[in-house]
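Can you keep this structure in mind? I'll have questions shortly.
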Amino acid sequence: MKLGVIVNPIAGMGGRVGLKGTDGPEVLEMARKMGAKPESPGKAEKALRTLVPLKDRLEILTFPGDMGENEMRNLGFEPLVLNHLEENTTPEDTERAARMMVEKGVDLIIFAGGDGTARNVYNAIGEEVPVIGIPAGVKIHSGVFANHPGAAGEIAFNYLQDMEIGTKEAEVMDIDEEAFREGVVTAKLYGYMRIPHMPDLTQVQKSSGFADEKEAIAGIAEKIIEEMRDGVYYIMGSGTTIRPIMEELGLPNTLLGIDIIKDKKLVASDVNEKQILDTIGDEPAKIIVTVIGGQGYIFGRGNQQISAEVIRKVGKKNIIVAAPRSKIFSLQGRPLLVDTGDEEVNNMMNGYIKVVYDYYTESLQDVKGL
């Protein structure tokens, strides 16, 4: 089996510094000056780690350095490295890599990047060879991407073992970054590529339905972990939506209780209100909670340890609600509910709050304090 691996090492660098992408050398240079760090190599390794059990049966073709070689060697592979590169990679490097891999007869190409990277791969190979995208960019509108990085590795693993799974056409789309920075989203269809036909693991187009709940929750976990910051306490709420975050971090989880982590390590387990307040002190902290399905409560039912005093101390802006769309849709338009027993805090929570739906999607939902 031959697998082509392409990593766009600059994909996604503009996101955390608010640049809405990294298309073009000027924007990339601006991102670097603002302190942006490469993120796609880490996401690529996360996806490709799934393929380690196939190491002795796979021939890996990739490009030098962070375009794939480093990631594969970090995982114990000995890839065939094609060509050479200058210090700064370009879209032309991505296109050249894809063409060379097709010429070498790869069975599948897995690439890490965003919509711009997908366009580069499409420009080079069209529908000649199946592909799957590891979502690592700021813009993810194309249907060629997996639900989240881990799902991309799972797709590649399954397809390479059973190519009779078949493929389907998926859209390659991109938006105008300059317009996006002005708040205007204009997506354009550039063409189609073939992807392994595993609908539960690939991105649902924004114009239709929503992803399988299990995959949505896995995507939520990956997204929240990616955005965790060093030196910040995270108060982890109860429930099965929060549990995968802890599992992904390799930490024990109190399913019906509250845990606290910092620097991605468990600090305190199954804590009460006083223990939460004593642990976080005056340090920065965030709360991660889910929604009680069918009821809509985010505070006051099943997580009373996160009391009014804890919420007041952390602040509404530092509360992250994680819930697949199926939970929100089950409310049939009703608001999320807060019942802390403290009228001041209940009123503080009135308005809107961000809800993480899956790896790609966030939404503002109405909150009502009781």
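The values are calculated or read from the model by the stated rules, or taken from the named source; none is laboratory data. Values in this document were obtained by computation on a predicted structure and should not be read as measured data. Glycine gets a Cβ as well: all are built from the backbone with ideal geometry, and neighbour counts include every protein chain shown. In case anyone asks, the SASA skips ligands and DNA or RNA and just uses the protein heavy atoms, side chains included. Shrake-Rupley method; radii C 1.70, N 1.55, O 1.52, S 1.80 Å.
What is the projected area of the convex hull of the Cα atoms of region 53-101, averaged over all directions, in nm²? Intermediate values should be presented prior to the final figure.
Numbers: hull surface 13.9 nm².
Answer in nm², one decimal: 3.5.
Also, quick follow-up: Which whole-number value in Å² is the accessible area per residue of the chain, probe 1.4 Å? Provide the component values of the computation, followed by the final result.
On the way: 16150 Å² over 370 residues.
Here the residues of the chain average 44 Å² of exposed surface.
Mind pulling the angle between the C-alpha long axis of helix 213-226 and the longest principal axis of the chain? Nearest 10 degrees, somewhere in 0 to 90.
Roughly 90 degrees between the two axes.
Oh, and also: Based on the alpha-carbon gyration tensor of region 217-370 and its eigenvalue square roots a ≥ b ≥ c, which shape applies: rounded if a/c is under 1.5, prolate if not and a/b is larger than b/c, or oblate?
Values: a/c = 1.62, a/b = 1.12, b/c = 1.44.
Oblate, because a/c is 1.5 or more while a/b does not exceed b/c.
What's the extension gain from residue 301 to residue 56 if we count 0.36 nm per residue and subtract their Cα-Cα distance? Can you show the working numbers first?
Working: separation 245, 0.36 × 245 = 88.20 nm, distance 5.06 nm.
Computed gain between residue 301 and residue 56 is 83.1 nm.
Another question, then. On C-alpha positions alone, give me the angle between the axis of helix 91-103 and the longest principal axis of the chain, in degrees, nearest 10.
60 degrees
Which of rounded, prolate or oblate describes region 88-174 when judged by the alpha-carbon gyration tensor and an a/c cut-off of 1.5? If you can, show how the numbers build up before the last one.
Working: a/c = 1.66, a/b = 1.16, b/c = 1.43.
Taking the square roots of the gyration eigenvalues as a ≥ b ≥ c, region 88-174 is oblate.
For residue 297, which sequence-distant residues (separation of 5 or more, or a different chain) have an amide H within less than 5 Å of its own amide H, given hydrogens modelled in the peptide plane?
292, 337
Could you check how much of the accessible area of the chain is carbon and sulfur, as a whole percent, using a 1.4 Å probe?
On the way: 7530 of 16150 Å².
Carbon-and-sulfur percentage of accessible area, whole number: 47.
Is the chain best put as rounded, prolate or oblate by its Cα gyration tensor, with a ≥ b ≥ c the root eigenvalues, rounded for a/c under 1.5, and otherwise prolate when a/b is larger than b/c, oblate when not?
On the way: a/c = 1.93, a/b = 1.86, b/c = 1.03.
It is prolate, given that a/c is not under 1.5 and a/b is the larger ratio.
Tell me what the chain gives for mean residue ellipticity at 222 nm when only DSSP H runs of n ≥ 4 count, each as -39,500 (n - 2.57), the sum divided by the residue total, rounded to 500 deg cm²/dmol.
Numbers: 13 runs with 112 residues, N = 370.
Theoretical 222 nm ellipticity from helices: -8500 deg cm²/dmol.
Report the gain in length on full extension from residue 334 to residue 267: 0.36 nm times residue separation, minus Cα-Cα distance, nm rounded to one decimal.
Numbers: separation 67, 0.36 × 67 = 24.12 nm, distance 3.56 nm.
Stretched fully, the residue 334-residue 267 segment lengthens by 20.6 nm.
Grab the Cα-Cα distance for residue 161 and residue 364, subtract it from 0.36 nm times how many residues apart they are, and report the gain in nm with one decimal.
On the way: separation 203, 0.36 × 203 = 73.08 nm, distance 4.09 nm.
So the chain would gain 69.0 nm between residue 161 and residue 364.
Could you calculate the FRET efficiency of residue 188 with residue 248 from 1/(1 + (r/R0)^6), where r is the beta carbon distance between them and R0 is 35 Å, rounded to 0.05?
Numbers: r = 35 Å, r/R0 = 0.99.
Using R0 = 35 Å, I get an efficiency of 0.50.
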